[in-house]
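Dropping a structure here in structure tokens format, bear with me for questions.
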Amino acid sequence: MDAGLPIAVFDSGMGGVSVLRALRAHLPHENYLYFGDSANAPYGVRPYDEILELSRAAVAHLVGEGIKALVIGCNTVTSVAAKTLRAEHPNLIIVATEPAVKPAALARPGGTILVMATDATVHGDNFLSLVQRYGDEVNIVKCPCPGLMEFVERGETDSEALRVYLRKRFEVLGGVKPDSVVLGCTHYPFISGAIRAVLGEDVALFDPAPGIARQAKRRLAAAGLLNPQAGEGEIRWENSSPDPKMIALGKRLLVRH
Ligand code: DGL
């Protein structure tokens, strides 16, 4: 396989850019193909069979483009479809995303961890097994956030309306201040400022993206597929929505801190 082929990063929309950002920091010489399925987003409120079919179609398209690896930059797709995608593409390196409950639990034993994610993710089997594994060590509070990714998709990463939305969602805490927030949807790192503004600047936020990037690097190195080129790699952007605003948003989010 040609090591110069791109690594595909796939999300239901532009949230996977938070993963792309970490990949670029760890693997700057790689070429990337970012695919956001914004025309069909959000995925997180859809029935599982629809999420599965949309994911299979997107990945079949990406494989057809010629890629050397797939990074699923979406907790929802991972939760519903990663198993099937791995079975259908046994020779493809696939790196997936799951809520960073483990590092959050290890960092604050006995603490309260708020897990923000889509409905599909918090009700999925993967999340259930994370709760079973770490639920005795920490107090895990589930916080499904339907409607939240849409703020990011329209470029609204902080606003009074967003803070009102968050305050409402955080009522699940029953007044308890969490020690940590697990950002269980790849759109949410882009609203970190608003989350901190509502919960307090001292709350620890856990974004899985750096761990995913390290894992991608290990997998590519083990397969001898790291791109040997010296300069910075390229990013090709694709989106199922014909609206050019989506790709422009992706480029803006990529350079945001
Ligand atoms: N970015 C996606 C995730 O990580 C989900 C957004 C959606 O509902 O489509 O779960």
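The values are calculated or read from the model by the stated rules, or taken from the named source; none is laboratory data. This one's a predicted model, so the numbers in the text were calculated from it and none came from an experiment. Every residue, glycine as well, gets a Cβ built from its backbone with ideal geometry; the counts of neighbours run over all protein chains shown. Please note that ligands, DNA and RNA were not included when accessible areas were found on the heavy atoms of the full protein model with its side chains. Shrake-Rupley method; radii C 1.70, N 1.55, O 1.52, S 1.80 Å.
Given a 1.4 Å probe, how much area per residue of the range 115-257 is accessible, in Å²?
Values: 7120 Å² over 143 residues.
Using a 1.4 Å probe on heavy atoms only, each residue of the range 115-257 averages 50 Å².
Which percent of the accessible area of the range 62-117 is formed by carbon and sulfur heavy atoms (probe 1.4 angstrom)? Display every interim value, and only then the final one.
Details: 980 of 1920 Å².
Here it works out to 51 percent.
Right, next: With +1 on the Cβ of every Lys and Arg and -1 on the Cβ of every Asp and Glu, and nothing else charged, how large is the dipole of the chain about its Cα centre, in debye rounded to the nearest 20? Could you put the intermediate results ahead of the total?
Values: 27 positive and 28 negative charges, 102 e Å.
About 500 debye.
State the percentage of accessible surface on the range 169-257 attributable to carbon and sulfur atoms; use a 1.4 Å probe and exclude ligands, DNA and RNA. Could you put the intermediate results ahead of the total?
On the way: 2420 of 4540 Å².
For the range 169-257, the apolar C and S fraction of the accessible surface comes to 53 percent.
Also: Can you pull a Stokes-Einstein diffusion coefficient for the range 3-58 at 10 °C (1.306 mPa s), Rh from Kirkwood over Cα pairs, as a whole number of µm²/s? Working shown, then result.
On the way: Rh = 12.2 Å.
Approximately 130 µm²/s, per Stokes-Einstein.
Just report the Cα centroid separation between the range 1-55 and the range 154-229, whole Å.
16 Å
Restricting everything to alpha-carbon atoms, can you work out Rg to Rh for the range 1-129 with a Kirkwood hydrodynamic radius? If you can, show how the numbers build up before the last one.
Numbers: Rg = 15.1 Å, Rh = 15.3 Å.
Answer for the range 1-129: 0.98.
Oh, and also: Check the chain and count each lysine pair with an alpha-carbon distance under 22 angstrom, considering only pairs eight or more places apart or from different chains.
Summing the qualifying lysine pairs gives 10.
Let me ask another. State to the nearest 20 debye the size of the charge dipole of the range 7-113 about its Cα centre, where the only charges are +1 on K and R beta carbons and -1 on D and E beta carbons.
Working: 9 positive and 9 negative charges, 86 e Å.
The calculation lands at about 420 debye.
Given charges of +1 on the Cβ of Lys and Arg and -1 on the Cβ of Asp and Glu, with all other atoms neutral, how large is the dipole of the range 79-216 about its Cα centre, in debye to the nearest 20? Could you put the intermediate results ahead of the total?
On the way: 14 positive and 16 negative charges, 37 e Å.
The dipole of the range 79-216 has a size of about 180 debye.
When the accessible area of the range 13-58 is computed with all protein chains present and a 1.4 Å probe, what percentage of it is carbon and sulfur?
Details: 840 of 1490 Å².
Ligands and nucleic acids excluded, carbon and sulfur reach 56 percent.
Now for a different question. If you project the alpha carbons of the chain onto the principal axes, what extent comes out on each, in Å, largest first?
Computed over the chain, the largest-to-smallest principal extents equal 54, 38, 38 Å.
How do 148-155, 226-233 rank on mean C-beta neighbours within 10 Å, highest first?
In descending order of packing, they fall as 148-155, 226-233.
Considering just Cα atoms, how many Å³ per residue does the convex hull of the range 88-238 enclose? Write out the running numbers ahead of the final one.
On the way: hull volume 24.6 nm³, N = 151.
Dividing the Cα hull volume of the range 88-238 by its residues yields 163 Å³.
Net charge around Ile113, counting only other residues with Cβ within less than 11 Å of its Cβ (Lys, Arg = +1; Asp, Glu = -1)?
Working: positive: Lys102, Arg108, Lys142; negative: Glu137, Asp179.
Local net charge: +1.
Hey, another quick one. Give the accessible surface of the range 1-72 per residue, rounded to a whole number of Å², with probe radius 1.4 Å and ligands, DNA and RNA excluded. Walk me through the numbers before you get to the answer.
Details: 2230 Å² over 72 residues.
Heavy-atom accessible area per residue stands at 31 Å².
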